[in-house]
Amino acid sequence: MNVELAREGITYRQWEVLVCLAFGDTTQTEIANRLGIEAPTLVGVLERMERDGWLERTACPADRRKKRIAATRQSAAVWNRMVTCAHRVRARAQRGLSSEDLATLKRISDQIVGNLTADVVSSEPLPDRETVAGPVANSPQPTSDPPWTPPQLPHPFAALEPPPVSEQIGVEA
């Protein structure tokens with residue numbers, strides 16, 4: 001994925017930030033938490049993205065120390081290029097695999113992730129897939145609408161997931 005994104009002039013971290021912004025505007029801390037990194041690590045990425053006109057930062061009305069981050073209209077073209085790139089990578093990765101192979105891979109991967117996250121000790125419980133996919137409850141609303149918001153996805157990579165095997169082979173579940 002990194003090689004494909006680099007051909008488009010995009011870094012993987014920029015892709016991750018725009019995926020986070022697809023859920024609506026947020027803060028640097030919230031993005032860092034979603035990406036599993038420290039907020040200061042994100043500063044350079046956000047500064048470059050703001051410089052390039054992909055996002056804007058505004059003061060958070062509830063806490064002036066925080067900055068709200070929103071995607072701009074200019075990031076729409078970047079988003080579309082990144083999604084096209086992700087589809088190319090997905091197609092290449094799935095070459096030679098049957099829908100049954102992909103279903104098995106997904107089931108085993110989900111089990112591995114479940115095994116690893118079940119033992120994580122955290123002050124907050126990890127959200128399930130549906131919680132992450134839906135709108136974030138109690139999140140502060142922006143004071144003004146950004147010029148453009150990336151399309152809302154049910155899951156950051158939902159557009160990249162194959163339909164259920166039953167749909168692929170025409171069998172009712």
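In the stretch 71-78, the condition of being surrounded by 14 or more Cβ atoms within 10 Å (Cβ to Cβ), of a type outside the set (Val, Ile, Thr) and more than 21 Å from Glu4 (Cα to Cα) is met by at least one residue.
For the condition of a type in the set (Gly, Ala, Ser), in contact with an Asp or Glu (Cβ under 7 Å, 6 or more places away or on another chain) and modelled with pLDDT of 85 or more, Ala70 qualifies. Look through the stretch 1-44, keep the residues that are within 21 Å of Asn80 (Cβ to Cβ), of a type in the set (Val, Ile, Thr) and surrounded by fewer than 18 Cβ atoms within 10 Å (Cβ to Cβ), and return whichever of them is nearest to the chain's Cα centre (by Cα). So the residue we want is Thr11.
All told, Leu102 falls short of being surrounded by 11 or more Cβ atoms within 10 Å (Cβ to Cβ), at pLDDT 90 or above and in a loop (DSSP other than H, G, I, E, B). If you go through the stretch 14-31 one residue at a time, do you hit one that is acidic (Asp, Glu), touching a helix residue (DSSP H, G or I) at 6+ places or on another chain (Cβ under 6 Å) and at negative phi? Checked against the condition, which is being acidic (Asp, Glu), touching a helix residue (DSSP H, G or I) at 6+ places or on another chain (Cβ under 6 Å) and at negative phi, the stretch 14-31 yields at least one hit. Within the stretch 51-75, being without any contact (Cβ under 8 Å) to a residue 60 or more places away in the chain and under 13 Å from Leu21 (Cα atoms) holds for Trp54, Leu55, Arg57, Ile69. Kindly indicate whether Arg107 is assigned to a helix (DSSP H, G or I) and surrounded by 13 or more Cβ atoms within 10 Å (Cβ to Cβ). Criteria not met by Arg107.
The values are calculated or read from the model by the stated rules, or taken from the named source; none is laboratory data. The model shown is predicted, which means the values in this text are computed figures rather than measured ones. Counting neighbours? That spans all protein chains shown, and the Cβs are built from the backbone with ideal geometry, glycine included.
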